[in-house]
Amino acid sequence: MDIVKSSRHSKIAGDFGEALILYWLSKHGFECARVDHSGIDLIARNPHTDELMGISVKTRTRSSGTEDTGVAIRNPEFDKARQACEAFGCTPYFAIVVDAGELIHTFLLSMNHLLKLFPKGKTQSNWSMHPRNVIGYHEEDPDIKSFVFRTEAVSWWQTP
């Protein structure tokens with residue numbers, strides 16, 4: 001069964017991704033805030049390293065059968081994040097949130113590490129969501145912090 005998303009779903013999903021990352025960081029002792037600035041969405045102070053992080057959050061939702069579709073990040077977004085972080089004296093980070101059916105994958109890593117893994121192409125960098133990559137992000141790369149939410153609709157409307 002394929003879900004039909006609302007006309008505002010992209011905006012709502014983006015707000016959700018930002019709130020989810022804020023929640024998770026706050027839960028783990030990061031002082032953090034949402035910011036309205038071109039290039040970054042959140043600022044957070046890492047209590048483990050004292051690093052000030054400027055975080056650009058990229059949220060995507062995937063329909064059934066497309067869960068392993070990657071996340072394209074356009075080249076200008078890296079420049080905007082870098083410029084914003086220079087203005088605020090912080091290190092550029094990216095948070096990637098992918099709602100893939102019953103799993104919501106979240107990844108947090110520095111922009112430098114993201115570009116090392118997936119360099120810019122002509123127009124964008126492509127974060128892979130191939131299952132072997134996702135396992136590697138979660139289990140094998142200490143420079144990627146991640147968590148997964150498992151979701152289940154216990155009682156919900158059914159499509160006729």
Applying the selection to the range 6-25, what residues are hydroxyl-bearing (Ser, Thr, Tyr) and either touching a residue at least 24 places away in the same chain (Cβ under 8 Å) or assigned to a helix (DSSP H, G or I) (or both)?
Ser10, Tyr23
Gly29: assigned to a strand (DSSP E or B) and either modelled with pLDDT of 95 or more or of a type in the set (Lys, Arg) (or both), yes or no?
no
In the list Gly14, Gly54, Gly101, which residue meets the criterion of being within 14 Å of the chain's Cα centre (by Cα), modelled with pLDDT under 95 and not aliphatic (A, V, I, L, M)?
Gly14
Top-ranked residue of the range 17-32 - restricted to ones that are buried (at least 17 other Cβ atoms within 10 Å of the Cβ) and aliphatic (A, V, I, L, M), ranked as nearest to the chain's Cα centre (by Cα)
Ile21
Restricting to the range 104-139, give me the number of residues that are of a type in the set (Phe, Trp, Tyr) and in contact with a Cys (Cβ under 9 Å, 6 or more places away or on another chain).
0
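Here is a yes/no grid of residues against (1) in a helix (DSSP H, G or I); (2) under 25 Å from Gln83 (Cβ atoms); (3) touching a Ser or Thr at 6+ places or on another chain (Cβ under 9 Å):
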{"site": "Leu114", "(1), (2), (3)": "yes, yes, yes"}
{"site": "Lys120", "(1), (2), (3)": "no, yes, no"}
{"site": "Asn126", "(1), (2), (3)": "no, yes, no"}
{"site": "Met129", "(1), (2), (3)": "no, no, yes"}
{"site": "Tyr137", "(1), (2), (3)": "yes, no, yes"}
{"site": "Asp143", "(1), (2), (3)": "no, yes, yes"}
{"site": "Ser146", "(1), (2), (3)": "no, no, yes"}
{"site": "Val154", "(1), (2), (3)": "no, no, no"}
{"site": "Trp157", "(1), (2), (3)": "no, no, no"}
Is there a residue being modelled with pLDDT under 95 and surrounded by fewer than 16 Cβ atoms within 10 Å (Cβ to Cβ) anywhere in the range 108-115?
no
Looking at the range 86-97, can you tell me whether even one residue there is in contact (Cβ under 8 Å) with a residue 40 or more places away in the chain, part of a loop (DSSP other than H, G, I, E, B) and under 14 Å from Ile55 (Cβ atoms)?
yes
Considering Thr159, Thr49, which residue is over 13 Å from the mean Cα position of the chain (by Cα), farther than 20 Å from Ser10 by Cβ, modelled with pLDDT of 95 or more and exposed (fewer than 14 other Cβ atoms within 10 Å of the Cβ)?
Thr49
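The values are calculated or read from the model by the stated rules, or taken from the named source; none is laboratory data. The structure presented is a predicted model; accordingly, all values stated were derived computationally and were not measured. Cβ coordinates were reconstructed from backbone atoms using ideal geometry, including for glycine residues, and neighbour counts include every protein chain displayed.
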